Each structure stands twice: as structure tokens, then as C-alpha cells.
Amino acid sequence: MSEWEFNPPDLEDFFRYATISAYAASEDGAQIVLGTNLGGVFDVWGVRPEVGYPHQLSHMGQMVHDLHYDPQGRYILVSADHDGDENTQLYLLPPRGGSLKPLRTAPGHRHIVLHVSKDGNRIYYASDKENAMFMNNYRFHLDTGQEETLIVGAEGPTYIAQVSEDETWVVVLKMFSNTYVMGLFGKLGEDTMRPLVPDPSIPHVIYGAQFYKESTIFVTTNYQEEFSYLARYDIATGTLTKLIAQEREDLRDIQIDRKRNRLFIMGTGGVEDHLYMVDLDSDDWILQSWPLPVSVVANWSVTNDGVVYVLGQSEILPNNLYRAEPFHAWTPLTDNRSMGISPATATKATIVRYPSFDGTLIEALWFSPQADRRNGYTIIWPHGGPQAAERKQFRSVVQYLVSQGYQFFAPNFRGSTGYGKSFARLVEGDWGDGPRRDLIAGIEWLIEQRMVEPGHLFLLGGSYGGYMSLLLHGRHSEYFRAVVDLFGPSDLRTFYHSVPDSWKPVMNQFLGNPEENPEKFVEDSPITYVEYMTRPMLVIQGANDPRVVQHESDQLVDALRKRGRDIEYMVLPDEGHGFSKKENEIAVYRQIVDFLKRHQ
């Protein structure tokens, strides 16, 4: 080997990249602030676009969930948790950087920023500190330290979604399930609020809302439709009028460029996002498509000057931030990339579709290396959620394993979002039957198409995907060589009672009720089939996980060890439902890769 020739990238090369969890821009765009793990743990960093080189602004080493830049440039509002516990606290950070100043904190409770006033003097936020299940909404005055309780949540978790410019009117969302989110409109200080749809008892979702002038609220909703559309709510008459829809695509988040009178809409269709613009001055309101620089958008915003920011990713690049004037070229503000991945040679997803057990067509992402690099093994990846989807997003584990010769199959089974309201609701109350059968149908289809070798399949999944990996192992172990579960529920009965309080109002619709339907909970719980879990297993768990508590993994591992099974267990003492620290992430995936190699 010549001196200028190098060994192929190893696992650490693939995982040593920075990502971005949140961003905000100063009013003049001169400074961008990022929540990023550029230093190995998450902190707040700044970027001046004319310089390009980032500078560190905080030194807390915790996950940054949200950032807001004071319109007058006096502070940066930071939302961060502790070691993955998701109990976000609110802090102020000087724009020059330094130590965080606690603003609204209550250990063991969550604080969610809802809105910052136009002058930056008032912050609207939701918290479970006085209302564990339904959340209260507050307005905090930074100039006086006074706090007001604006809305007491009831019936379901309640959040202010939009505040009018004069801070008189609000749109409030009340969540009954992931597929039933009611929108209400009313005046602050008054008890009576009006629903945004004619019959709010019909399950629907209000995705986005924006006040426009004094007479209109633009709304995106799937009320009485499969996919969400743009509608106009007339404040004077209380009527909702459908305006624009896109075939088999959800029009979700909306932003207004008030300077140029333009409405921007983010659409979600299956595995990719799309950005559209509507000229509000035009006589003919049509969606004008504006190509994005990414496949999947994590966050986006439109400034008072009409500049659009997009934070997003693709299969081969992690989250990066871009900015552009409307319909001009996108300018990248960050350059996060994995040193193990060459964009020219990285493996992109192929979209495949297969018929399930009842004829339903299931869409999936398929990653496969070139034929001469395949090692003969395939990884089946059930995604998390379950009301989410596997999309064209960045997963370094996928790119690394494909580089090592593995194929990767990720189906969007029933319950996945982006395929219509009815499809997403199919998983409600049926976590363990329909989606499981969709996955088995996908495996059988791969075998029939000769795309995989029988007996050469691994299972790997996290969260709901971890649950499904456990269930597939217990009920269909004959298909798999070994199984990896990352923080998946093992017993739906204990899971039902251990979720965060703010989840409990939606659990009956989302999962079902173990008292009302005990047989279904037994049937769908992986631990019911522990006797049949005969393949080697690796279980990963965060000790601070508030969603799937450690007991879910402990009880499964204990049951398997009592039966003398081949089980490895890795608990991360300073993580929650995922990875906030790069060293932990790398350690976990080293363990996973080693586990897969040993069981080929």
C-alpha cells in the first residue's frame, strides 16, 4: 500500500459527525444559534454567516430541545433537559455566550416554549408543573418577572399553537390522540372558545394555523378528508372553507411572509417532504413548488424579511441548516457530514412496495450494496412511533452496515404516517397484529423475490421498533438469526401504566385499555412469548428513559436469563429515549455491530 492510500472507514468514522437539534436566527440574520453536539455533547453554538466558522456559546453538555432569539437581541431562550429525561427547563443565555441563567425551572417537570412576543418581553409556554396530565399554558413577563396562567388544560394535553400579533387572540390545540387534535379559537381572558371545524366531535387533526390580517386564520387540517389540506377560517362567520389540497400528500406546517404577502406550506408525502408557496395577492391561489435542499425537514421558519430557513437531512447527510430568499438558490450555513460517507458512493434508498396479508400495499425503503459487496445478510428494521414513518433520513448505522455488506429493509407498515388518516389509525388499539403481519408479509415477499437468503435475517429496532422486534422474535423466531432491541416495551400492561402523565389521556385511543381488553394486551405483549424467544438477543436501555422505563427491559432480561437464554444487556446511566452523548452512541453501535458479526 502506498503512503497516500488509506484503510476503509471504520465504525467511528461513520458516527463521528455533528447533528443539529434546534436553531434560531437573530432579527438581522447576523448570528445563527444552533443546538448541536459539535463538541461531543449538546450545547449552544453560534455561526456568523459571513465567517462560517462556529463558536461555542454554552457549556452545559445537555440536549438542546428548542432555541429562540430575542427580537431585540438581548438574550437567547434555551430549552434543555438533563441526561435525556425530557424534562425540559427554560434558560436565558447572553448572545455573546456564557453561563445559562435559569428562567422557568421545576425539576421533574417539562416546560415547552409556545411563543415569544414581537418585542421579546413576554414568553408563552406550557408546563406540567401544576397540571401533570393536561398541561397549563402561561405567559411570563421578562421585564417584571410576573407570570399569568392563561389556559388550564382539560380533557387532553392543551397547547397554544398561535398568538395574534396584538396578543389578544389565540389558537389552542387540544390533543386526544395522535390522530385527533382539536383546534379552538378565542380571546385571551375569556372562557368561551370556538372550534375551527364545524363538528369537532369528528376525529381530525389541526396541523398548523396562522392569523392573517383581522379576518382570517389559515389552517391545515384533515377534517373529513384522508390527507390534510389548506383551509381558511373566517373569524366573523366561524366558517371553514377548503382552499387547496395536494393528491396523496399532507399539507401540514404553514408560515407567512407578511412583507411580501406569501404563504409557505410544508407538505409530507410518504418518505419525503415538499415546500410550496402561495401568492396571496394573486387572483388564482395555486401551490408553487420550491425544491428543497433536503429530503426530510426537521424544522423551518420564515423571517419578517421573508428569508426562509430549513433544517433537514437526507439518507447520506445529517441535519444541516440552509437559508434562501424565496425561489433563489439555497445557501448552506452548516456542513455537518459523516467522514465515513462519500456522497458520491453512499447508498441511497430504493422505494419498494409489496402486498400485505390482506392485499394492502405497503411501501418500504430498501438499501442494498452492490452485488459483489453483499455479505448475504439482511437487517429488518421496524421503525419507531408507531404513528411515524421510516423516511429518507440520515442513519449512520444504516450507511455503516450497508458498507459492511448488509442489506437493510424498512417497511412503513400500517399505522405509519404520510399515507392517509385511515392508514395511520389502523395501529390504534392493535399494536401487535396488523403491523406484525405486514412485516412478516414483507419478509415473505423478499424471499419470494429472491432478494434475501432465508435464515440470514437479523432484527433491529428501537422504541416501537424495539417492541416489534421483541414480538416478532417471540412469535416468529424461525425467520431470524439474532435480535437487537433498543428501549422497546416488553409488556404492554406495565407500559400502559408507566408512561409520562401527559401521555395518559391519549393512551386508550393510542394503545387501548388493559382493564377493558385484557386478552388483547396479553396477546400483543412480547413477554407473553418469552418461552419462544430462542435466538441470541442484545437489549439496550437508557436509565433515564421517561417513555419506555428501564423496568420494561429489566423484566424481559430477567425472564430470559432465568431460562438460560443467550441475552446481552447494556444500560446507559446518563441517557434516556435515544442518545444525547456521542460517546454513548458510538459505544452502543460498536456493541450492536460486534453482536451481529458474532451471530452470522
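Any idea how many residues of segment 573-591 are outside any loop (DSSP other than H, G, I, E, B) and out of contact with any Leu (no Cβ under 9 Å at 6 or more places or on another chain)? Qualifying residue count for the region: 3. For segment 536-557, the criterion of being more than 20 Å from Tyr496 (Cβ to Cβ) and open to solvent by 60 Å² or more (accessible area, probe 1.4 Å) is met by none of the residues.
The condition of being among the aromatic types (Phe, Trp, Tyr), open to solvent by less than 10 Å² (accessible area, probe 1.4 Å) and under 23 Å from Arg139 (Cα atoms) holds for only one of Phe185, Phe218, that being Phe185. For Phe327, indicate whether it is closer than 27 Å to Phe480 by Cβ, part of a loop (DSSP other than H, G, I, E, B), open to solvent by 50 Å² or more (accessible area, probe 1.4 Å) and of a type in the set (A, V, I, L, M, F, W, C). No, not satisfied. Considering segment 387-442, and only residues there that are among the polar types (S, T, N, Q) and not in a helix (DSSP H, G or I), the residue that is most open to solvent (accessible area, probe 1.4 Å) turns out to be Gln404. Only a single item in (1) of a type outside the set (A, V, I, L, M); (2) in contact with a Leu (Cβ under 7 Å, 6 or more places away or on another chain); (3) free of Cβ contacts under 8 Å to residues at least 60 places away in the same chain is not met by Lys597, and it is number (2). Looking at Ala154, Ala161, just one residue is open to solvent by 20 Å² or more (accessible area, probe 1.4 Å), in contact (Cβ under 8 Å) with a residue 12 or more places away in the chain, small (Gly, Ala, Ser) and outside any strand (DSSP E or B), and that residue is Ala154. Scanning segment 563-600 for residues that are hydroxyl-bearing (Ser, Thr, Tyr) and open to solvent by less than 30 Å² (accessible area, probe 1.4 Å), which turns out modelled with the highest pLDDT? By that ranking, first place goes to Tyr589. Within segment 65-80, identify whether any single residue is closer than 21 Å to Pro102 by Cβ, surrounded by fewer than 15 Cβ atoms within 10 Å (Cβ to Cβ) and of a type in the set (D, E, K, R), and answer yes or no. Taking every residue of segment 65-80 in turn, at least one turns out to be closer than 21 Å to Pro102 by Cβ, surrounded by fewer than 15 Cβ atoms within 10 Å (Cβ to Cβ) and of a type in the set (D, E, K, R).
Given the criteria free of Cβ contacts under 8 Å to residues at least 40 places away in the same chain and either of a type in the set (A, V, I, L, M, F, W, C) or farther than 28 Å from Tyr180 by Cβ (or both), does Glu453 qualify? It is false that Glu453 is free of Cβ contacts under 8 Å to residues at least 40 places away in the same chain and either of a type in the set (A, V, I, L, M, F, W, C) or farther than 28 Å from Tyr180 by Cβ (or both). Residues that are under 18 Å from Lys581 (Cα atoms) and either within 19 Å of the chain's Cα centre (by Cα) or small (Gly, Ala, Ser) (or both) within segment 47-81 comprise Ser58, Gly61, Gln62, Met63, Val64, His65, Asp66, Ser79, Ala80, Asp81, listed in sequence order. Checked against the criterion of being of a type in the set (A, V, I, L, M, F, W, C), touching a residue at least 60 places away in the same chain (Cβ under 8 Å) and in contact with a helix residue (DSSP H, G or I) (Cβ under 7 Å, 6 or more places away or on another chain), the candidates Leu472, Leu560 yield just one match: Leu472.
The values are calculated or read from the model by the stated rules, or taken from the named source; none is laboratory data. Only a predicted model underlies this, so the values are computations on that prediction, with no experimental measurement involved. Neighbour counts are summed over all protein chains in view; Cβ atoms, including those assigned to glycine, are modelled from backbone coordinates with ideal geometry. Just so you know, the surface numbers come from the protein's heavy atoms only, side chains and all, with ligands and any DNA or RNA stripped out. Shrake-Rupley method; radii C 1.70, N 1.55, O 1.52, S 1.80 Å.
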